[in-house]
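S.K.: For reference, the structure I am asking about is given below.
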Amino acid sequence: MDLAGKNVVYLGGFGGIGQKCVQELLQRPIKALAIFDLTENGQLLADWKSKNPNTDIIYQKVDITQKSDIDAAYKATAERFGHFDVVVNGSGLMNDRLVELSIQINLLGVINSTLTALEYMDKAKGGKGGLIVNISSVAGLEPTALMAIYSAAKTGVTTFTRAMANPIYYAHSGVSFITICPGFTDTGLLEDIGNKTTFTYDTPMLAMFNKVKRQTAEDCARNLVLAIETAKNGAVLMLELGESQELDMPVMWKPQIEN
């Protein structure tokens, strides 16, 4: 997608990867940007506005665990922008000691945001179509025992997004979907992992976790925005150590159809 003149919604835009993605997006001539997040970073928002006077930048307070917040934010943004072309669901939490909250933020919030955005973007409902980007994780590709709850939620994001990219849905709505699976990225999400693991006892997995190579948030953001510009509907991309790789997802099961 050519981002020139486009309206973008970014959930989690003040987060570790989110900030860098917003900065990368603002290097394109986008028309408008709405940042949905729980807490406003006023200084950063003011800086983005002052450096990008030709882009309408707004903040909407959103608790991703509250569907009423999601509904209100999209409604206000649609009233301000008229429509939106790109939605990035980037809110995330990595803490398996908070089971319900992990599922609410990492999976249910993505689902609710996606379905709400579709109400405005769906061509069959008067929308203009567009692109929804859901940020999963390498833990959403491969079971990650150290963070079993997080891994389960992110696997759900990967599967949900791939299902939403079904060509039948795309033909109906004009909305394409891509799944982004970052590898280990140097942000606050990875801090204090010893107090966030599924179980409290020490395991060799924790020592290995601390030795895994990490990419910078800037590298992740650069490849994420490039994916927005170039990836096709249904693509699953792993962003690992500054490189982007489209994955060939295997078909594990097909239904047997009666003749």
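S.K.: From a point 7 Å beyond the Cα of Asp56 in the direction of its Cβ, which residues of segment 1-43 have a backbone N at a distance under 11 Å?
M.R.: Correct set: 7-8, 31-34.
S.K.: Please tell me the relative contact order of segment 199-259 in percent, rounded to the nearest whole number, where contacts are Cα pairs under 8 Å and at least six residues apart.
M.R.: 27
S.K.: Please find the FRET efficiency linking Asp192 to Lys125, where r is the Cβ-Cβ separation and R0 is fixed at 45 Å, and quote it to the nearest 0.05.
M.R.: Here the calculated transfer efficiency is 0.55.
S.K.: Sequence gap of 8 or more, or different chains, plus Cα separation below 20 Å: how many lysine pairs satisfy both in segment 38-170?
M.R.: 7
S.K.: Now, a different point. Around Phe14, under 13 Å between beta carbons, what's the net of Lys plus Arg minus Asp minus Glu among the other residues?
M.R.: Details: positive: Lys20, Lys61; negative: Asp37, Glu40, Asp47.
That works out to -1.
S.K.: Here's another thing I want to ask about it. Could you please report the charge total around Leu45, scoring K, R as +1 and D, E as -1 over all other residues with beta-carbon less than 14 angstrom from its beta-carbon?
M.R.: That works out to -1.
S.K.: Over the chain, with a Gaussian network built from C-alpha contacts below 10 Å, which listed residue (Ala72, Ala207, Ala231) shows the highest mean-square fluctuation?
M.R.: Ala207
S.K.: Further question on the same structure: Could you name the aspartates and glutamates whose alpha carbon sits less than 19 Å from that of Lys213, not counting residues in the same chain fewer than 8 places away?
M.R.: Cα-Cα hits under 19 Å: Glu142, Asp186, Glu191, Asp192, Glu240, Glu243.
S.K.: Still on this structure, please answer the following. Where does the longest stretch of the chain lie that holds no chymotrypsin sites (Phe, Trp or Tyr not before Pro) found in a DSSP loop with 15 or fewer other Cβ atoms within 10 Å? Display every interim value, and only then the final one.
M.R.: Working: sites that count: Phe199, Tyr201, Trp253.
Answer from the scan: 1-198.
S.K.: Within segment 195-254, list the trypsin sites (Lys or Arg not before Pro) lying in a DSSP loop whose Cβ has at most 13 other Cβ atoms in a 10 Å radius.
M.R.: The qualifying sites are Lys211, Lys213, Lys232.
S.K.: Still on this structure: Based on other C-beta atoms within 10 Å, arrange Val236, Val212, Val8, Val99 from fewest to most.
M.R.: Val212, Val99, Val236, Val8
S.K.: Can you work out the FRET efficiency for the pair Asn233 and Asp47, with r the C-beta to C-beta distance and R0 = 35 Å, to the nearest 0.05? It would help to have the intermediate numbers written out before the result.
M.R.: Numbers: r = 34 Å, r/R0 = 0.98.
Computed FRET efficiency for Asn233 and Asp47 comes out at 0.55.
S.K.: Just add up the charged neighbours of Ser173: K/R +1, D/E -1, any other residue whose Cβ is under 12 Å from the Cβ of Ser173.
M.R.: Net charge in that neighbourhood comes out at +1.
S.K.: Rounded to the nearest 0.05, what FRET efficiency is calculated for Thr39 and Ile257 with R0 set to 45 Å and r the Cβ-Cβ distance? Walk me through the numbers before you get to the answer.
M.R.: Details: r = 50 Å, r/R0 = 1.12.
For Thr39 and Ile257, the calculated efficiency is 0.35.
S.K.: Give me the dipole magnitude in Debye, nearest 20, for the chain about the Cα centre, with unit charges on the beta carbon: positive for Lys and Arg, negative for Asp and Glu.
M.R.: 420
Each reported figure results from applying straightforward, stated rules to the coordinates on display, with no laboratory input. Since this is a predicted model, take the numbers as computed values, not measurements. For neighbour counting, all protein chains shown are included, and Cβ atoms are generated from backbone atoms with ideal geometry for every residue, glycine included.
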